[in-house]
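Undergrad: Take a look at this one; I'll ask things after.
The values are calculated or read from the model by the stated rules, or taken from the named source; none is laboratory data. All of these numbers come straight from a predicted model, not from anything done at the bench. Every residue, glycine among them, receives a Cβ derived from its backbone with ideal geometry; neighbour counts consider all protein chains shown. We work out accessible area using only protein heavy atoms, side chains counted, and drop any ligands, DNA or RNA first. Shrake-Rupley method; radii C 1.70, N 1.55, O 1.52, S 1.80 Å.
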Amino acid sequence: MLSQTVVNRLKEIVGEKNVVTDKVGLLTYGYDGTLLSGEALGVVSPHTTEEVVEIVKLMNEHNIKLVPRGAGTNESGGTIPTQDSVVISFTKMTKIHEIDTENFVAVVEPGVINFDLQVELEKRNCYFPPDPSSYKASTIGGNVGECSGGPKCFKYGVTRDYILGLEVVLPNGKVIQTGGRNFQSEPAYDLTRIIVGAEGTLGLVTKVFVRIIPLPRAKKTMLAIYDKVEDASQTVADIVAAGIIPTTLELMDNLLINTTEDFSHAGLPRDAGAVLIIEVDGYPEDMDPQVKTISEICNKIAKEFKIAQSAAEVDQIWTSRRCAFGSVARVRPSYGVNDITVPRSNFPKAIQGVLKVAKEYGVTIGVVAHAGDGNLHPLVLFDQRNKEEVETVHAAEKALCMMALDLDGTVSGEHGIGLVKKKYLDSEFTPAAMGAFRKIKRSFDPSNRFNPGKVFEL
Amino acid sequence: MSNVNISKLKAIVGDNNVIDSPSEMAKYLKGKGKPAVVVLPGNTSEVSSIVKLANEQNVKIAVGGTVAGTKGLNGGIAMVMSRMNRILEMDHLNLVAHVEPGLLHKEFLLKVGEAGLNFPPEPYEVETSSIGGCFAIGDSDSKSFEYGPTRTFLLGFEMVLPTGEILEIGNKCIKNVSGLDFIHFAVGSQGTFGIFTKLLVKLLPVQEAKRAVIGTFTSIHKANATFNTLIKRNVQPTRMNLLNASLAKNAISGTEGQLVIIDLQGFKESGKNIANEIAAVLTLGGGTDVKIIEDEAEYDQVINGWLKVRAELNGKPEQTLEFLVGPAKMPQALTQLEALTGDLGAYPGVVVEGLLGYVCLALPEGTDKLALAAKVNKLAMSLGGNIKGLLGHKLKAEAYNDAEMWQQTIGLLQELRQQFDPKGILSPGVSLEA
């Protein structure tokens, strides 16, 4: 419980309405995209950097820890309140300070929703490439915290590649600026890079300088349908070998084809083993040769291959992919989503590994994957109300993570570690690497006040 | 007096790989410091043993690929990585290579090219730069708009920490957010967090088509104005660079005036049209001798000329001043700059990397660099930029009148360094002050 003094002081800082301490209110801030939950001592929503500073100082005086939160869509438990913390919610910091297309930079507050930024940018013929599938809800601050990926990473990279600078409130309440409005403003060490993906454990981001780029002049969307998942993997390898870097190589397996078809009626054949959505972009003149090469590759092994001829057809292809996660609710009420990633060459083995885990643990697993990145989203289906089944699912998820590590991969390609995958970190990293993480955390936050217990224990 | 125990070093790396006669040491060293010894390790475990020995005897170590800097290294160990120069693996399926740090950057580019692949970062110095050095410096270059800065190309590494402990991190996945991002944080740390002993490098498919468009201009402002036209026309080539008259003739001998070099990599079918569009913009903008280069040998000659000039400037950081502005704000920047420097065409050196909004000035002898930097930073800040790097950060904090921010930043940098290197063994020449 927060003392009345602290509550009153918080209300003075951010205004009466922006402090939540009632049981029901707290409950709504206790969840994220995982099955975990927790209860905060309070929730406070600042509007400005100055208010964030005041909050941090106040919390330090009373030795209370802070858990940062955007939209709470993350899949790793990163925003779950733990250790008697106050949640600092950035959803009131939603200003887009500046969009400067000629200088390829935008300046935004952390609570800006990715989609809202994209809409503004699109009006100016620009975009911000990182667009995780949660982009209609997730915030830029959250994307920075988790270093989010999305379907365009094969060509365009992840969030860290598009953050030029940050304004950060440190755990001691002081404000620094990392980087700037270009590639070359880091002060000796690349502080921006270490804060991106640190899940709020090193500092609270209050302003983000993002790199924006012009929209591609042309884009081609293709769909290939396969009898077997292995054939789709072969296409991915062949496209890379042909020297083409598509923006997107999205794969869905048979289970997902059927669940999305129930919902979207996009006309995918229900007996197919896998579909692959392939997209290339660039100058119009460069599209046809690439499409030609890709169609030759696909036609060798795919049972069907088509090139979208209109915007409507592009939409139709993407509808299935976009509704993939939600669609599995028709099979079972809950799903656990994973983001294991393996080297591209091990992708077929990872698919086999998923099937093996499903069989061994007797669970249903559907697969959506960013195949070009070797990034898989096995969706483990279950019913949350069945305690025994939940245990089995946890065991299966652990087996998936270990399988990825055995294939020289990582337990997290784009969702982050948070609480969910913390227990696997010692399997992925050597003691020396874990030691390096702790040295970095200690340099920023020696008292372990920001998002304590996330990613690793100090 | 030095504490370096030469016989122990010889026991670690073998007699032939320890050099302590000053005349033989010279070719491995740069700068005025006087290290006691040059040592050439052959593998990771030797590097680790040397670092442990240095810790026991409280001796400093500076590391270089072919040449080590000696600043602050009196009585210390200069470690040169040139024996650790193998390509351990070239993996076409995953588009990655595993290399040792002493491999020359130019060698690597050659091997990568032969394998039909592409490693975009420009060599810092054409002849002597190593891959270890490339990531230890971790800069951006004029191709970064298209490919991203150097750090983009590191997926993992093995490193000997300042305590001698060996750290391995990373994998062949192009997406990896597990743990804290020490992989990219180490890029640019200039050997203060540790010594790279292996690097896992990301590659790209080779760019099949390469073209350049060059042109000369009597006025630097007119030359630069063409960049704005291209940005407004939504043309983003691979490089969009400008050398003033003093530097232009070093890049392509016989060049009169300011030289514009525009590089187009990978625009396979579209390249012809884009090159024509660029050539038209340069000609209309007042360029003469505007030329589209498609011949491979001639293309290489132009790019190598560019790299040579760039490397010369990289080699003398104390005599250069680098700043950035918003790319589209460059015309104002150059006009305002001229009020401080006089005619930029005749200045000892001006480089503009137009896509990045970057300028490098080669300063006339006797210039008070810090005084000029303060003025240039003010100018740059009003145009959406600042002086590059740590100095820029300090000047920015001064401009905000925010001494606290500067103190916090410096304090944080020093704490990080101290955490990794409590005894202050590694890279004594690297200062975190500005």
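Undergrad: How big is D for the range A:286-441, in µm² s⁻¹ as a whole number, if Stokes-Einstein is applied with the Kirkwood radius of its Cα pairs at 10 °C and 1.306 mPa s?
TA: The diffusion coefficient I find is 89 µm²/s.
Undergrad: Then there's this: Taking the alpha-carbon set of the range B:134-183, what are its Rg and Dmax in Å?
TA: Rg, Dmax (Cα atoms, Å): 12.7, 38.
Undergrad: Follow-up question, since we're still on this one. How long are the semi-axes of the equivalent ellipsoid of the range A:96-214, defined as square roots of 5 times the Cα gyration tensor eigenvalues? Whole Å, largest first.
TA: Details: eigenvalues 90, 47, 36 Å².
Gyration-tensor ellipsoid for the range A:96-214: 21, 15, 13 Å.
Undergrad: Please report, in cubic angstrom per residue, the volume enclosed by the convex hull of the alpha-carbon atoms of chain A.
TA: Values: hull volume 67.2 nm³, N = 458.
Taking only Cα atoms, chain A has a hull volume of 147 Å³ per residue.
Undergrad: How big is the dipole moment of chain B about its Cα centre under a simple scheme where the beta carbon of each Lys and Arg is +1, that of each Asp and Glu is -1, and everything else is neutral? Debye, nearest 20, please.
TA: Values: 41 positive and 45 negative charges, 83 e Å.
With Lys and Arg at +1 and Asp and Glu at -1, about 400 debye.
Undergrad: What Kirkwood hydrodynamic radius do you get for the range A:4-89 when you take the inverse of the mean 1/r over all pairs of distinct Cα atoms, in Å? Walk me through the intermediate numbers first.
TA: Values: mean 1/r = 0.0778 Å⁻¹.
After inverting the pairwise mean of 1/r, the radius is 12.8 Å.
Undergrad: Relative contact order of the range B:87-205, please, whole-number percent, based on alpha carbon pairs below 8 angstrom and at least 6 residues apart. All intermediate terms of the calculation are to be shown ahead of the outcome.
TA: Numbers: 219 pairs, mean separation 39.3, N = 119.
With pairs under 8 Å counted, the relative contact order is 33 percent.
Undergrad: Starting from the Cα gyration tensor of the protein assembly as shown, take the square roots of the eigenvalues, sort them a ≥ b ≥ c, and report rounded, prolate or oblate (rounded when a/c is under 1.5, otherwise prolate if a/b is larger than b/c, else oblate).
TA: Details: a/c = 1.39, a/b = 1.21, b/c = 1.15.
Rounded, since a/c falls under 1.5.
Undergrad: When all alpha-carbon pairs of the range B:56-107 are counted, what percent fall beyond 15 Å? Intermediate results must be reported in sequence, preceding the final value.
TA: On the way: 752 of 1326 pairs.
Summing the P(r) tail past 15 Å for the range B:56-107 gives 57 percent.
Undergrad: What lysines sit close enough to residue B:249 to cross-link, taking a C-alpha to C-alpha distance under 25 Å and skipping anything fewer than 8 places away on the same chain?
TA: In chain and number order, the partners are B:106, B:143, B:210, B:222, B:291, B:308, B:316.
Undergrad: So what is the relative contact order for chain A, in percent, with contacts set as C-alpha pairs under 8 Å and at least six apart? Write out the running numbers ahead of the final one.
TA: Working: 976 pairs, mean separation 68.7, N = 458.
Reported relative contact order: 15 percent.
Undergrad: Here is a follow-up. Using only protein heavy atoms and a 1.4 Å probe, how much accessible area in total is buried between B and A, to the nearest 100 Å²? Walk me through the numbers before you get to the answer.
TA: Working: alone 19670 and 19680 Å², together 32510 Å².
Counting protein atoms only, the buried area is about 6800 Å².
Undergrad: Across peptide A:96-103, what mean number of C-beta atoms from other chains lies inside 10 Å of a residue's C-beta? Can you show the working numbers first?
TA: Details: counts 0, 0, 1, 0, 4, 3, 8, 11.
Mean inter-chain Cβ contacts per residue within 10 Å come to 3.
Undergrad: Next question. Between residue B:232 and residue A:241, what is the FRET efficiency for a Förster distance of 35 Å, r being their Cβ-Cβ separation, to the nearest 0.05? Write out the running numbers ahead of the final one.
TA: Details: r = 38 Å, r/R0 = 1.09.
The computed FRET efficiency comes out at 0.35.
Undergrad: Here is the link list: B:202/B:272; A:92/A:439; A:454/B:198; B:27/B:369; A:136/A:207; B:27/B:202. Which ones come out longer than 27 Å on Cα distance?
TA: B:202/B:272; A:92/A:439; A:454/B:198; B:27/B:369; B:27/B:202
Undergrad: Under Stokes-Einstein, with the Kirkwood radius over Cα pairs standing in for Rh, what whole-number D in µm²/s applies to the range B:1-45 at 10 °C and 1.306 mPa s?
TA: Numbers: Rh = 11.2 Å.
Answer, rounded: 141 µm²/s.
Undergrad: What aspartates and glutamates does residue B:10 reach when the alpha-carbon gap must be under 14 Å and sequence neighbours fewer than 8 apart in one chain are set aside?
TA: Qualifying aspartates and glutamates at Cα under 14 Å: B:20, B:46.
Undergrad: Just how far, in whole angstrom, is the range B:66-82 from the range A:401-438 if you go by their alpha carbon centroids?
TA: 36
Undergrad: If you don't mind, another one. What are the extents of the Cα atoms of chain B along their three principal axes, in Å, largest first?
TA: Principal axes ranked by extent give 68, 52, 46 Å for the Cα atoms.
Undergrad: So how compact is the range A:267-361: Cα radius of gyration and Dmax in angstrom?
TA: 16.5, 50
Undergrad: Let me confirm one metric for peptide B:380-390, namely the mean number of other chain beta-carbon atoms within 10 Å of its residues' beta-carbons. Mind showing how you got there, number by number?
TA: Numbers: counts 0, 2, 0, 1, 8, 6, 5, 2, 6, 5, 5.
Mean number of neighbouring Cβ atoms from other chains: 4.
Undergrad: Positive end of the charge dipole of the protein assembly as shown (Lys, Arg +1 and Asp, Glu -1 on Cβ, about the Cα centre): tell me which of B:409, B:149, B:194 has its Cα farthest that way.
TA: So the residue we want is B:409.
Undergrad: Whole angstrom only: what separates the Cα centroid of the range A:180-234 from the Cα centroid of the range B:118-181?
TA: Comparing the Cα centres of the range A:180-234 and the range B:118-181, I get a distance of 17 Å.
Undergrad: Which of the three applies to the range A:218-326, rounded, prolate or oblate, going by the alpha-carbon gyration tensor with a ≥ b ≥ c and a/c under 1.5 meaning rounded?
TA: Working: a/c = 2.07, a/b = 1.34, b/c = 1.54.
Note, shape of the range A:218-326 comes out oblate.
Undergrad: Defining a contact as two alpha carbons under 8 Å apart and six or more residues distant in sequence, what relative contact order in percent does chain B show?
TA: Working: 894 pairs, mean separation 63.1, N = 434.
After rounding, I find 15 percent.
Undergrad: Something else about it: Treating the angle as unsigned and between 0 and 90°, give the value, to the nearest 10°, between the Cα long axis of helix A:49-61 and the longest Cα principal axis of chain A.
TA: Compared with the principal axis, the helix lies near 60 degrees.
Undergrad: Rounded to the nearest 500, what is chain A's calculated 222 nm mean residue ellipticity when only DSSP H runs of at least 4 contribute -39500 (n - 2.57) each, over all residues?
TA: Working: 16 runs with 167 residues, N = 458.
Using -39500 (n - 2.57) per qualifying helix, the result is -11000 deg cm²/dmol.
Undergrad: Of all the C-alpha pairs in the range B:209-310, what % are more than 18 Å from each other? Don't skip to the end; give the middle numbers.
TA: Values: 2045 of 5151 pairs.
Roughly 40 percent, once rounded to a whole number.
Undergrad: Please compute the average number of Cβ atoms from other chains found within 10 Å of each residue's Cβ in peptide B:404-415. It would help to have the intermediate numbers written out before the result.
TA: Working: counts 3, 5, 2, 2, 7, 9, 2, 5, 13, 5, 2, 6.
For peptide B:404-415, the averaged partner shielding equals 5.
Undergrad: In sequence order, what are the phi-derived ³J(HN,Hα) couplings for the range A:386-403 according to the Karplus relation 6.51 cos²θ - 1.76 cosθ + 1.60 with θ = phi - 60°, rounded to whole Hz, with x for glycine and proline?
TA: Computed from phi, the couplings for the range A:386-403 are 8, 4, 4, 5, 4, 4, 4, 4, 4, 5, 5, 5, 4, 4, 5, 5, 5, 4 Hz.
Undergrad: If we sort A:74-80, A:93-99, B:223-229 on the protection proxy, mean other Cβ atoms within 10 Å, highest first, what's the order? Kindly include the intermediate steps, with their values, before the conclusion.
TA: Details: A:74-80: 27.4, A:93-99: 16.0, B:223-229: 22.0.
Put in order of decreasing packing, that is A:74-80, B:223-229, A:93-99.
Undergrad: Here is a follow-up. What order, most packed first, do the peptides A:139-149, B:102-112, A:250-260 have when packing is the mean number of other Cβ atoms within 10 Å of each residue?
TA: Details: A:139-149: 30.0, B:102-112: 19.2, A:250-260: 23.9.
Per-residue mean Cβ counts within 10 Å order the peptides as A:139-149, A:250-260, B:102-112.
Undergrad: What whole number of Å gives the distance from the Cα centroid of the range A:279-338 to the Cα centroid of the range B:2-17?
TA: Between the Cα centres of the range B:2-17 and the range A:279-338 lies a distance of 61 Å.
Undergrad: So what are the radius of gyration and Dmax for the Cα set of the range B:316-430, in Å?
TA: Cα only, the range B:316-430: 16.1, 49 Å (Rg, Dmax).
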